[in-house]
Amino acid sequence: MGLLAQTFTRMTDELHKLYRSLEEKVRQKTLRLQEANRMLKVLYNCSQALNVSTIDRHCFQSILQIAHRYETVGCLEMCVGENWRLSEGKENAGATWQALPIRLQDVEFGQLRWQASTQQPSTQLMESVANMLGRGLYFNQAQKHYQQLLLMEVRATIARELHDSLAQVLSYLNIQLTLLKRAVSEENVQARHIITDFEQALRDAYRQLRELLVTFRLTLQQADLPAALQEMIEPLRAQTSANIQIDCRIPTQALDAAQQVHLLQIIREAVLNAIKHAQATAIVVSCRTQPDGGHCVDIRDDGRGIGSHEEPAGHYGLNIMHECAGRLGGTLSIGSHPEGGTRVSVCFSAPATAHSSTNDINDKEE
């Protein structure tokens, strides 16, 4: 009986150890499942932030808000290039920064940086968030490029219609005027004066048409604003001996495709005016974002300055710039620079668009 009692006691102890071991394993499994469920919830909400027709800065800000809410991070930053940064949380001057690259395949867009508040967040989750941001940035550029190509196609269609209709009419009138000039004798001075006036009017019409065709045939293959600006300016460098410098600090993500096209058109017209009329040796294009979120672009040359703000007869450059500035919702100013030359400035604010998915995500989280 004593041996049997000892055996039961040992068996009870073994069962108790097994029970405690099973409890610990269940607890660890439960913690891992809870962690996996939390990570899935974060990733699902982040993916919902990108599940919109147009991916913009609000999508990326929502992703940072979600990661900051569920992860043990005091401050979270998304840095793209040199000029675009989104942040969530409060920075701790004494804390160290951790960083992961934001990339898609072989293309690196920037960095995801964070400061841990108590303990380091899950590396796997932060890598997934960084990959999601990279995919969002890729589709943001792809969407902008597609919209830009659509705008270019519309402008090219207008240019073709102008060339096929108005240019043909002007050519016909020029031929008829040449025949009329041969038919009128030299002694008919009054008729000769009228023909000369018609010739001048036709030359002005041709020049206006060429300016409009060049305006509408603006083609761009780059969705990135600095790259598109370089692409547009490069052909203009061949038309002048002046040194053209570009300093673009407006983030590409700050403008949509239509805004970018209007802004590039203003810059192009201003640089062309400086090349044709200013006799400049240096032209500087400066694009920057203001602390209040607005954007300003200056085109300055060191030429002879502007004598009048009135548009010369037969030219539409200033009107085109004013119209593009109006479409940007901004203001255009043209004047002489204190140090000499002409300064063209356009200032505008990117409109804040409503982003319904942010509210939807917050509702799901609650």
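Rounded to the nearest 5, what % of DSSP beta bridges with both residues in the chain are antiparallel?
Beta bridges within the chain, antiparallel portion: roughly 85 percent.
Positive end of the charge dipole of the chain (Lys, Arg +1 and Asp, Glu -1 on Cβ, about the Cα centre): tell me which of Gly303, Leu236, Gln28 has its Cα farthest that way.
Projecting each Cα onto the dipole axis, the largest value belongs to Gln28.
Full extension from Arg327 to Tyr138: what is 0.36 nm times the residue separation minus their Cα-Cα distance, to one decimal in nm?
Stretched out fully, the Arg327 to Tyr138 stretch lengthens by 65.3 nm.
I'm checking a number: the convex hull volume of the Cα atoms of segment 23-141, normalised per residue, in Å³. What is it?
Normalising the Cα hull of segment 23-141 by residue number yields 111 Å³.
Which residue, Cys79, Leu272, Gln120, has the largest displacement toward the positive end of the dipole of the chain when charges sit on each Cβ (Lys, Arg +1; Asp, Glu -1)?
Ranked along the dipole, the leading option is Gln120.
Sorted by packing (mean other beta-carbon atoms within 10 Å per residue), highest first, where do 21-29, 200-208, 82-90 land?
82-90, 200-208, 21-29
Defining a contact as two alpha carbons under 8 Å apart and six or more residues distant in sequence, what relative contact order in percent does segment 38-133 show? Write out the running numbers ahead of the final one.
Details: 144 pairs, mean separation 26.6, N = 96.
Reported relative contact order: 28 percent.
If one puts a single equal scatterer on every Cα of the chain and applies the Debye formula without solvent, what log₁₀ I(q)/I(0) results at q = 0.10, 0.13, 0.15 Å⁻¹?
One equal scatterer on each Cα of the chain leads to -0.80, -1.09, -1.27.
Taking 0.36 nm per residue of separation and subtracting the Cα-Cα distance, what length does fully extending Leu3 through Arg237 add?
73.9 nm
Nothing charged except the Cβ atoms of Lys and Arg (+1) and of Asp and Glu (-1): what's the magnitude of the dipole of segment 23-141 about its Cα centre? Round to the nearest 20 debye. Can you show the working numbers first?
Values: 13 positive and 12 negative charges, 76 e Å.
With only Lys, Arg, Asp and Glu charged at Cβ, the dipole is about 360 debye.
How much FRET efficiency would the formula 1/(1 + (r/R0)^6) give for Ala227 and Thr30, where r is the Cβ-Cβ distance and R0 is 56 Å, rounded to 0.05?
0.65
So for Asp292, Asp164, fewest C-beta neighbours within 10 Å to most, what's the order?
Neighbour counts put them in this order, fewest first: Asp292, Asp164.
What spacing in nm lies between the two simple spin-label points modelled at Glu153 and Asn174, each 7 Å away from Cα in the Cβ direction?
Taking the simple label geometry, Glu153 and Asn174 are separated by 3.2 nm.
Where in segment 260-286 does the label zone of Gln245 land, with the point 7 angstrom along Cα→C-beta and an amide N cut-off under 15 Å?
Only 281-286 fall inside the zone, counting backbone N under 15 Å.
In degrees from 0 to 90, rounded to the nearest 10, what is the angle of the helix 57-70 Cα long axis to the longest principal axis of the chain?
Roughly 10 degrees between the two axes.
Where a number appears in this text, it was derived from the coordinates with a stated rule and is not lab data. Quick caveat: nothing in here was measured; it's all calculated off a predicted structure. Methodologically, a virtual Cβ is constructed for each residue, glycine included, from the backbone with ideal geometry; neighbour enumeration extends over all protein chains shown.
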